[in-house]
Amino acid sequence: DLSGYPHYMLKEIFDQPEAIRNAMRGRLDLEEATAKLGGLNMNPQQLLRIQRIVIVGCGTARHAGIVGEYLIESLAHLPVEVDYASEFRYRNAPLDGETVVFAVSQSGETADTLAAVRESKRKGMRVLGICNQVGSTIARETEGGVYMHAGPEIGVAATKSFTSQVLVFLLLAVLLGRLRYLSARQGKKLLEAIEKLPEQVASVLARHEEVRAIAEKYAHADGMLFLGRQFQYGIALEGALKMKEITYIRAEGHPAAELKHGVIALIDERMPSVFLCPQDGVYDKNLSNIAEVKARRGPVIAIASEGDDRIGELADDVFFVPQCSELLAPILTVLPLQLLAYYTAVGLGRDVDKPRNLAKSVTVE
Ligand code: M6R
């Protein structure tokens, strides 16, 4: 059911306020200033014994895992490793009894992710799932987990499943953090900010026409770079994946500091760079990277925080997202990137919901 939208992808982008509301429903415990994730099937003692987390997934799911890595490390101070499920399954990674493996998959049927689950179980690991499809193979074969509750996702490009996955990681980070170093005051502040997300997401999506105008301006670019740091690094990767998969424009995502190590050689007036630079701990670093790109005549599109009065002087185009904690910002900054890919693909006449060579669920290796 397209509910009047021209494509499933657009519908699913606009489903996001509701999808993330569903992902947090019944899981915010403001009284105890923590998150409730009963599906993990682990009691506080067991959760406290976790020494290390490994996150596996493919494509968009792995990108959500990368954002999750930064969230869990900063709120729970636990070492986290993220890997492609396809690499992990053949790696013979050293794991021990205090490691917990999280398999992230919208469909719950991705062959490589399932194989990574089975390999980890063979090694005696506790494996938990973060899935959308209830009763899917990965959901069934894991000891527990967290359902995203994003609702059906039909477009090949993952959109609402991504923001729901990031939200689940946020809740997990709060829960693990509250068992360790996070104070009740900090936990409560975060939960209150999380509660505001659906409204903030809706307010960003309401400005979709601004993104459409940017998409029209750059639709004929030779390629596109997506650059971000820290909490925005996974978003840079995700923005590039969305762009390449539905528009076929060559797009690359990198940590912004990698520019100097090779990427900057690609910059010229036909290679726009999308910078993820909300007001966070690395904002000034991003500004110097933007200046380096501008000095080489590269067009810059910035995704910045409302109230930022410096960015306009440097970037050619700016899309503003509401101010929020840097921990929550990825859920807002990814939205204009989804819309940018969508409107660019529509402008180029692409088959948005069924891009060439791709399947919604990759059930063979
Ligand atoms: O169903 P899954 O989450 O396991 O799927 C993983 C990837 O195949 C998927 O995210 C893919 O990268 C999407 N088409 C990206 O938009």
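Every read-out reported here was derived from the displayed coordinates using simple, explicitly stated rules and does not represent laboratory data. A quick note: this is a predicted structure, and the numbers were derived from the prediction, not measured. When we count neighbours, we look across all protein chains shown, and the Cβ atoms used for this are built from the backbone with ideal geometry, even at glycine.
Pick from Glu32, Glu87: which is part of a helix (DSSP H, G or I) and more than 10 Å from the ligand (Cβ to nearest atom)?
Glu87
Considering every residue within the range 120-127, establish whether at least one is surrounded by 17 or more Cβ atoms within 10 Å (Cβ to Cβ), more than 9 Å from the ligand (Cβ to nearest atom), part of a strand (DSSP E or B) and in contact (Cβ under 8 Å) with a residue 24 or more places away in the chain. Working first, answer last.
Start the filter on the range 120-127 by keeping residues that are surrounded by 17 or more Cβ atoms within 10 Å (Cβ to Cβ), which leaves 120, 125-127.
From the residues that got through so far, the ones that are more than 9 Å from the ligand (Cβ to nearest atom) too are 120, 125-127.
Among the residues that remain, those that are also part of a strand (DSSP E or B) are: 126-127.
Within this subset, residues satisfying the condition of being in contact (Cβ under 8 Å) with a residue 24 or more places away in the chain are 126-127.
Looking for residues that are surrounded by 17 or more Cβ atoms within 10 Å (Cβ to Cβ), more than 9 Å from the ligand (Cβ to nearest atom), part of a strand (DSSP E or B) and in contact (Cβ under 8 Å) with a residue 24 or more places away in the chain, one finds at least one in the range 120-127, hence yes.
Within the range 1-29, how many residues turn out to be among the small types (Gly, Ala, Ser) and in a loop (DSSP other than H, G, I, E, B)?
Of the range 1-29, the ones among the small types (Gly, Ala, Ser) are 3-4, 19, 23, 26.
Still in the list and also in a loop (DSSP other than H, G, I, E, B): 3-4, 26.
So the count comes out to 3.
Consider Glu32 carefully, then state whether it is acidic (Asp, Glu) and within 24 Å of the chain's Cα centre (by Cα).
Details: acidic (Asp, Glu): yes; within 24 Å of the chain's Cα centre (by Cα): no.
No, not satisfied.
Of everything in the range 318-365 that's more than 16 Å from the ligand (Cβ to nearest atom) and surrounded by fewer than 18 Cβ atoms within 10 Å (Cβ to Cβ), which residue is nearest to Gln230 (Cα to Cα)?
If we take residues in the range 318-365 being more than 16 Å from the ligand (Cβ to nearest atom) and surrounded by fewer than 18 Cβ atoms within 10 Å (Cβ to Cβ), then Ser325 is nearest to Gln230 (Cα to Cα).
If the requirement is being more than 9 Å from the ligand (Cβ to nearest atom), under 28 Å from Ala341 (Cβ atoms), part of a helix (DSSP H, G or I) and not β-branched (Val, Ile, Thr), which of these qualifies: Ala150, Ala173?
Ala173
Can we say Asp96 is acidic (Asp, Glu) and farther than 18 Å from Ile130 by Cα?
Working: acidic (Asp, Glu): yes; farther than 18 Å from Ile130 by Cα: yes.
Taking the combined requirement at face value, the residue satisfies it.
Is it the case, given these coordinates, that Arg27 is closer than 29 Å to Glu199 by Cβ, surrounded by fewer than 20 Cβ atoms within 10 Å (Cβ to Cβ) and more than 15 Å from the ligand (Cβ to nearest atom)?
no
Would you mention how many residues in the range 318-365 are assigned to a loop (DSSP other than H, G, I, E, B) and within 14 Å of Ala157 (Cα to Cα)?
Within the range 318-365, residues that are assigned to a loop (DSSP other than H, G, I, E, B) and within 14 Å of Ala157 (Cα to Cα) number 13.
Does Gly307 meet the test of being away from the ligand (no atom under 16 Å from the Cβ), under 26 Å from Thr60 (Cα atoms), surrounded by fewer than 18 Cβ atoms within 10 Å (Cβ to Cβ) and over 22 Å from the mean Cα position of the chain (by Cα)? Working first, answer last.
Values: away from the ligand (no atom under 16 Å from the Cβ): yes; under 26 Å from Thr60 (Cα atoms): no; surrounded by fewer than 18 Cβ atoms within 10 Å (Cβ to Cβ): yes; over 22 Å from the mean Cα position of the chain (by Cα): yes.
Against the criterion (away from the ligand (no atom under 16 Å from the Cβ), under 26 Å from Thr60 (Cα atoms), surrounded by fewer than 18 Cβ atoms within 10 Å (Cβ to Cβ) and over 22 Å from the mean Cα position of the chain (by Cα)), Gly307 does not qualify.
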